[in-house]
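The values are calculated or read from the model by the stated rules, or taken from the named source; none is laboratory data. Keep in mind it's a predicted model, so treat the numbers as computed, not measured. We place every Cβ from the backbone using ideal geometry, glycine too, and count neighbours over all the protein chains shown. Just so you know, the surface numbers come from the protein's heavy atoms only, side chains and all, with ligands and any DNA or RNA stripped out. Shrake-Rupley method; radii C 1.70, N 1.55, O 1.52, S 1.80 Å.
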Amino acid sequence: FASLPFATVAALADGKVLAALLHTLDDQAIDASVATSDSEEHVAVRLSTAIGAFEREFDVPPLLDADDVKHGVIDDVAAITYLAYIVKLLEDKQPATDFAP
């Protein structure tokens, strides 16, 4: 997942970014072969799985529709808001830094 582009909302279209973020939060939530596959048939599965798991497991509202994301019909504000929910989850997952003197 290290080489995934995170710079644009369009990078969400193949589902790999969402799959990588999901895998970071729960490494059992998505099958690795589907998450990293370049097969066009896995795109819809990857998107649906990731969006569904974020909603079910982490209470992220389903602001994105898998078909819309796949076809590039995605509202930038909704995508950024969706990613902000995920960033918050990632921040919460990080262990608190110990500031003991």
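Which of the helices (runs of 4 or more DSSP H) found entirely inside the stretch 23-71 contain at least 1 residues meeting this: among the β-branched types (Val, Ile, Thr), within 16 Å of Tyr85 (Cα to Cα) and under 12 Å from the mean Cα position of the chain (by Cα)? By residue number, 41-58. Quick one: is Ile74 open to solvent by less than 70 Å² (accessible area, probe 1.4 Å), outside any helix (DSSP H, G or I), in contact with a helix residue (DSSP H, G or I) (Cβ under 8 Å, 6 or more places away or on another chain) and not basic (Lys, Arg)? Spelling it out, Ile74 is indeed open to solvent by less than 70 Å² (accessible area, probe 1.4 Å), outside any helix (DSSP H, G or I), in contact with a helix residue (DSSP H, G or I) (Cβ under 8 Å, 6 or more places away or on another chain) and not basic (Lys, Arg).
Cβ separations smaller than 7 Å between residues 6+ apart or across chains give the following pairs from the stretch 55-82 residues that are touching a residue at least 12 places away in the same chain (Cβ under 8 Å) and aromatic (Phe, Trp, Tyr) to residues that are in a helix (DSSP H, G or I) and crowded, with 16+ Cβ neighbours inside 10 Å: Phe58/Leu25; Phe58/Leu89.
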